[in-house]
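The values are calculated or read from the model by the stated rules, or taken from the named source; none is laboratory data. Note that the structure is predicted; figures quoted are calculated from it, not measured. With ideal geometry, Cβ positions are generated from the backbone for all residues, glycine too; neighbour counts draw on all protein chains shown.
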Amino acid sequence: MREKLLLVIALAFVQLNMLAQTQEHSDNPLVIIDGMEINDSILQVSQTEMLSDSAKQIVARRLDCLNSYAIDTIIVVDKAAAEKVIICKPNTSGIILIRTNSLAELDLMIDGKRRKPRKRITIIDALYFPEYFATALPKSIHRKKIKKMELLIHKGTVSPERKPMVVITTK
């Protein structure tokens, strides 16, 4: 029993060490959109890009699901300040905080009727955080009842009436 415990501790130490080394050599900052961490491979932005005047357009183009007008604010925390922030994993390359506005919020259409979600959900939640998205569905909609789900994204004209929409058909 003791040998197994020592093995588990040793493996955990090796994994933490590898994570720290990977983060130490990473040039990509930690990106958080609406409080959710986005994988580096999805956005791949630098602090320099996010400090430019075209930062919103860069994020919108790389995500390819969001209009630049749906991005409310972008805050860049530099490397020195990021080292002082306590977060869930080590990151020494800075932090980029992105907040979307109501144009990124999803409308729900369930079996042909507009429904309100239980909490604010955005197109980012629907695409990259399915577990969180599922918790926002109305209580009457259980995951097992969903037959088909489509995400409709309006490209071009921007208006509050043309929000992205999830169309759900139930069994």
Self-check item: Those residues of the range 103-128 which are in contact (Cβ under 8 Å) with a residue 60 or more places away in the chain and in a strand (DSSP E or B), in sequence order
Solution: LEU108, ILE110, THR122
Practice problem: Output yes when any residue across the range 12-31 is at pLDDT 85 or above and surrounded by 12 or more Cβ atoms within 10 Å (Cβ to Cβ), and no when none is. | Solution: yes
Practice problem: Report, by residue number, each residue of the range 55-76 that is outside any helix (DSSP H, G or I), touching a residue at least 60 places away in the same chain (Cβ under 8 Å) and either within 13 Å of the chain's Cα centre (by Cα) or exposed (fewer than 14 other Cβ atoms within 10 Å of the Cβ) (or both). | Solution: CYS65
